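What follows draws every value from the coordinates through simple rules; no lab data is involved. Predicted model, so just to flag it, every value in this text is computed and none were measured. In this analysis, Cβ positions are derived from the backbone assuming ideal geometry, glycine residues included, and neighbour counts consider all displayed protein chains.
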Amino acid sequence: MGKLLQFLLHPNELKAAIQLMKFRQPLHPRNPSQESETLQRCYILLNKTSRSFAAVIEELHPELRDAIMIFYLVLRALDTIEDDMTIDPETKVPLLRSFDKKLNTKDWTFDGNGPNEKDRIVLVEFDKILGIYHQLKPQYQDVVKDITYKMGNGMADYILDENFNLNGVETVKDYDLYCHYVAGLVGEGLTKLMCMAKFADSNLTQDNFERSNSMGLFLQKTNIIRDYHEDLEQGRSFWPKEIWSKYTDSLPNFHQKPELEFEGLSCINDLVLNALGHVKDCLEYLSMVKDSSTFSFCAIPQVMAIATLAEVYNNPKVLHGVVKIRKGTTCELILNSRTFPGVVKIFRKYIQIINHKSSVKDPNYLKIGIKCGEIEQFCEVMYPSTVPKGAKIQEQPINQVIKSRTAIDESMQKRIEEEAFNTNLVLTFILLAIVGTSYPLLTKLV
């Protein structure tokens, strides 16, 4: 009943949900009947372990679909080992450092996770993943193995750091490095795969992967800010001391001491300000993705992240529980992020929301206002919100980059308009049915 009420209070989200569930057609639908049993099982494992990526991975272009699915499952297995506090460090660290070598085998599995580890199945059935891994193109295998090596060793370094285990990250530099190991490297691997398939501009691999790193850091930092309370309950924290120590001498104080709510909000907002520093890189990156299905795969997590940042910004609920965006909002974001202009519009909207939620009492009020202004101006350069009739848009370097996306976006826009038309017809029939059902009652009341 709660979700139904939410949809009734937000009719645009109801429309988006209907369009997403009934009329949106994937560009590259997967056909399990043409797959081997092992490949089908890998996609089942994907759906069992991914809350958000499974659907978009299954709709990827066939050239990259299986490679990205295996890439995800291998890194999920690695993360499951790193995240399991029941595994002794003497076992965990060597396993993380040598995990890339397991990819040279064809039947390796691991059942050493605790019984309550929710994703242990990917390790118990890792031989299935290996079976498909060895069927990938050699250059795709090399990318998966390289990132696995870098990530496994990065994770191991942090486990051996006793200060990290006790107090989390100390400095913003440490914060960025940790997020690089657990998320930025994923962006690097995906970028290599996309460029090999010629689905993205090759320049994305020639900037030392700075933009792809920002894509990962933006997502990871958003999750870290949102998960403050949940992480504390599990006896860990990833908020950098360099930031939170400006507001308290002990991180749990924000949750435990109601009188420190203002300081807690100021810390949240400081962390949001830090995360917003990656937005321009993310938008530039997305402008350079050529394939439509790959674009959606990259764009959807980013628009979810900016919407989540706007939700957690200056929100005291973060200090005491889980804060999430509505399901209807999720549907709307998925539909509206299929073209680059749509993504720019979403970012502009939520940056404005963050700016409007700012309090003049916040110690970072001016910095946040300046940062939001910079991002809005950047969005305006990419796609002006209003252009006077007959006016010529001044050519900018970024405009030259996104010109190659124009035909892709125009083709996708036609599909979107057709889906919207069909959705409007359904909504019209629903409204007519409601009015028809209510008419006898209305006449009696009159």
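Can you tell me the convex hull volume per residue for the stretch 168-318, based on C-alpha atoms, in Å³ to the nearest whole number? All intermediate terms of the calculation are to be shown ahead of the outcome.
Details: hull volume 15.2 nm³, N = 151.
Here the figure is 101 Å³ per residue.
How large is the Rg to Rh ratio of the stretch 178-246 when both quantities use alpha carbon positions and Rh follows Kirkwood? Let's see the in-between values first.
Values: Rg = 15.1 Å, Rh = 13.4 Å.
Result: Rg/Rh = 1.13.
Let me check I've understood the local charge: for CYS379, count other residues with C-beta under 11 angstrom from its C-beta, Lys and Arg +1, Asp and Glu -1. What total comes out? Provide the component values of the computation, followed by the final result.
Details: positive: LYS280, LYS345, ARG348, LYS349; negative: GLU374, GLU376, GLU380.
Here the charged neighbours net out to +1.
Using C-alpha positions alone, give me the convex hull volume of the stretch 285-394 per residue in cubic angstrom. Working shown, then result.
Values: hull volume 14.7 nm³, N = 110.
Hull volume normalised by residue count: 134 Å³.
Just how large is the dipole of the stretch 237-309 about the Cα centre, in debye to the nearest 20, putting +1 at every Lys and Arg Cβ and -1 at every Asp and Glu Cβ?
Numbers: 5 positive and 9 negative charges, 34 e Å.
Magnitude of the dipole: close to 160 debye.
Counting pairs of Cα atoms in the stretch 261-340, how many percent are more than 22 Å apart? Walk me through the intermediate numbers first.
Details: 1086 of 3160 pairs.
Everything past 22 Å amounts to 34 percent.
If you line up the Cα atoms of the stretch 320-361 on their principal axes, what length do they span on each, largest first, in Å?
38, 24, 10
Could you please state, rounded to a whole Å, how far the C-alpha centre of the stretch 63-94 is from the C-alpha centre of the stretch 167-189?
17
So for the pair ASN315, GLU230, with labels modelled 7 Å out along Cα→Cβ, what separation do we get in nm?
1.3
Could you tell me what a quarter of the Cα convex hull surface of the stretch 136-197 works out to, in nm² with one decimal place? Kindly include the intermediate steps, with their values, before the conclusion.
Numbers: hull surface 17.8 nm².
That works out to 4.4 nm².
Residues with beta-carbon under 14 Å from that of GLY187, excluding GLY187: net charge, scoring Lys, Arg +1 and Asp, Glu -1? Intermediate results must be reported in sequence, preceding the final value.
Values: positive: LYS150, LYS192, ARG211, LYS221; negative: ASP146, ASP176, GLU188, ASP207, GLU210, ASP281, GLU284.
With Lys, Arg at +1 and Asp, Glu at -1, the neighbours total -3.
Going Cα to Cα from LYS48, which aspartates and glutamates come in below 18 Å? Please leave out same-chain ones fewer than 8 positions away.
Once the sequence-local aspartates and glutamates are set aside, what remains near LYS48 is GLU37, GLU58, GLU59, ASP66, ASP79, ASP83, ASP84, ASP111, GLU117, ASP119, GLU125, ASP127.
For a 24 Å ceiling on Cα separation, which of these pairs sit above it: LYS92/LYS128; LYS150/LYS280; LYS290/LYS371? Can you show the working numbers first?
Numbers: LYS92/LYS128 22 Å; LYS150/LYS280 26 Å; LYS290/LYS371 29 Å.
Cα-Cα > 24 Å for LYS150/LYS280; LYS290/LYS371; rest within.
Once the other residues with Cβ under 14 Å from the Cβ of TYR43 are scored (Lys, Arg +1; Asp, Glu -1), what is the net sum? Please list the in-between numbers first.
Working: positive: ARG30, ARG41, LYS48, ARG65, ARG76, LYS128; negative: GLU35, GLU37, GLU58, GLU59, ASP66, GLU125.
Local charge sum for TYR43: 0.
Between SER98, ASN153, ILE132, whose Cα lies farthest towards the positive end of the dipole of the stretch 52-171 when Lys and Arg beta carbons carry +1 and Asp and Glu beta carbons carry -1, centred on the Cα centre?
Farthest towards the positive pole: ILE132.
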